[in-house]
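Written out below as structure tokens is the structure these notes cover.
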Amino acid sequence: MTTRSLSADQIGARLRILRDLHRRYDYAADSESGRLYPDGTRLKRLKLSRLAVKDEIAALEGRMMSNAKARTNAVMAAE
């Protein structure tokens, strides 16, 4: 499913889920790096996963902003 086919409510729900997932990855990475002997491979995977989620969040937020701007421009043009 692409983000183009999602409604604003669905995108908002997906953003909430992704933000929660980002917090969990952040907490797990902090916990791993705080260990006496951190597992470098696990830490790298957590950081990469966290960055991937952050990129998806940014893409969805950009999509919502462009959709909102398009709706605003359409309303202004109709007036």
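The values are calculated or read from the model by the stated rules, or taken from the named source; none is laboratory data. Quick caveat, the model's predicted, so the values are computed rather than measured. Here the Cβ is made from the backbone with ideal geometry for all residues, glycine too, and neighbour counts use every protein chain on show.
Can you name the condition, by its number, that PRO38 falls short on among (1) surrounded by 13 or more Cβ atoms within 10 Å (Cβ to Cβ); (2) modelled with pLDDT of 95 or more? Of the numbered conditions (1) surrounded by 13 or more Cβ atoms within 10 Å (Cβ to Cβ); (2) modelled with pLDDT of 95 or more, the odd one out for PRO38 is (2). Restricting attention to region 10-42, the residues being of a type outside the set (D, E, K, R), more than 16 Å from ALA58 (Cα to Cα) and either outside any loop (DSSP other than H, G, I, E, B) or in contact (Cβ under 8 Å) with a residue 60 or more places away in the chain (or both) number 8. Give me the residue from region 1-30 that is over 13 Å from the mean Cα position of the chain (by Cα) and aliphatic (A, V, I, L, M) and, out of that set, modelled with the lowest pLDDT. Per the stated criteria, the residue is MET1.
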